[in-house]
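First the structure, in the form of C-alpha cells, and then the observations on it.
The values are calculated or read from the model by the stated rules, or taken from the named source; none is laboratory data. Predicted model only: the values in this text are computed from it and were never measured. Heads up, the Cβs are rebuilt from the backbone with ideal geometry, glycines too, and the neighbour counts pull from every protein chain shown. For accessibility, only protein heavy atoms count, side chains too; no ligands or nucleic acids. Shrake-Rupley method; radii C 1.70, N 1.55, O 1.52, S 1.80 Å.
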Amino acid sequence: MSIRIGHGYDVHKLVENRDLIIGGVNIPHHLGLLGHSDADVLLHAISDSLLGALALGDIGKHFPDTDEQYKGADSLELLACVYELIKENGYEVGNIDATVLAQEPKLSPYIPQMRLNIARALEVELDRISVTATTEEGLGFTGEKKGIAAHAVCLVYKK
Ligand code: ZN
C-alpha cells in the first residue's frame, strides 16, 4: 500500500458585493470573498492538499485564473476534477482535516453542510471529512476581517 499526505493553504480577501461561499455553502454575510472563481477558500485549500499529496502542482496550475472558462467557477466542480486526477493516478482519499480562519461570521452552523458537500465530491464517508473553524483572536488579516484563510491536510492511499 502506498500512503501519501498533502497540505494546502489558501487566502481570499473579503469585499462588498460578493457572495460568501465556503465549503460549497452560500453563507449570509455583508461581505464575500474576492476571486476569479467563486473564491471558496476552503475547497481551494482542500484541492491544493490533494494535488500536493501527489506532487501535481496546485489549482492555479490546473485551473488558471487567466482562463475565462473558470470565471465564477463552482469550486465543488473544481474539487471533483481534482478528485478525478487523484483517481487517474490510482489513489483514493483516506481523510481530510481542514480549518477555516475567520473572525466573522460564525461558521459552525454551516459546517455540517460543508462536510457533506466535500464528502460527496470526494466519494467518501462523512466521518472521513473534518472541518473546523477558528478565529485568530482579532489578530492579523483574518482577525481584522480583511480576509479569510483555510488550511487543509489530507491522506491519500493506493492499495
Ligand atoms: Zn483560492
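Between HIS7 and GLU144, the modelled labels are 2.5 nm apart [label points 7 Å from Cα along Cα→Cβ].
For the chain, the carbon plus sulfur part of the accessible surface works out to 50%, probe radius 1.4 Å. Placing +1 on the Cβ of every Lys and Arg and -1 on the Cβ of every Asp and Glu, with nothing else charged, gives the chain a dipole about its Cα centre of roughly 300 debye. Partner aspartates and glutamates whose Cα lies under 18 Å from the Cα of LYS61, excluding those fewer than 8 positions away in the same chain, are identified as ASP10, ASP38, ASP40, ASP48, ASP74, GLU77, GLU84, GLU88.
Here region 29-44 is scanned for amide nitrogen atoms under 18 Å from the site 7 Å beyond the Cα of GLU68 along Cα-to-Cβ, giving 36-38. A simple rule links phi to the HN-Hα coupling: the Karplus curve 6.51 cos²θ - 1.76 cosθ + 1.60 with θ = phi - 60°, which for region 86-97 gives 4, 5, 4, 8, x, 9, 10, 8, x, 7, 10, 10 Hz, with x for Gly and Pro.
Is region 59-133 rounded, prolate or oblate when judged by the Cα gyration tensor, a ≥ b ≥ c being the square roots of its eigenvalues, rounded requiring a/c under 1.5 and prolate requiring a/b larger than b/c? Verdict is oblate for region 59-133. Stretching the chain fully between LYS158 and GLU123 yields a gain of 11.1 nm (0.36 nm per residue, less the alpha carbon separation). For the chain, the per residue solvent-accessible surface stands at 50 Å², with DNA, RNA and ligands left out and a 1.4 Å probe.
What fraction of the Cα pairs in region 40-93, stated in percent, has a spacing above 17 angstrom? Tail of the P(r) past 17 Å holds 30 percent of the pairs. PRE reach from LEU34 (point 7 Å along Cα→Cβ): which of region 121-159 fall under 18 Å by backbone N? The answer is 141-150, whose backbone nitrogens lie closer than 18 Å to the label point.
For VAL15 and LEU85, the difference between the fully extended length at 0.36 nm per residue and the C-alpha to C-alpha distance is 22.0 nm. Across the chain, Cα pairs under 8 Å and at least six residues apart give a relative contact order of 34 percent. Cα centroids of region 107-125 and region 11-70: 16 Å apart.
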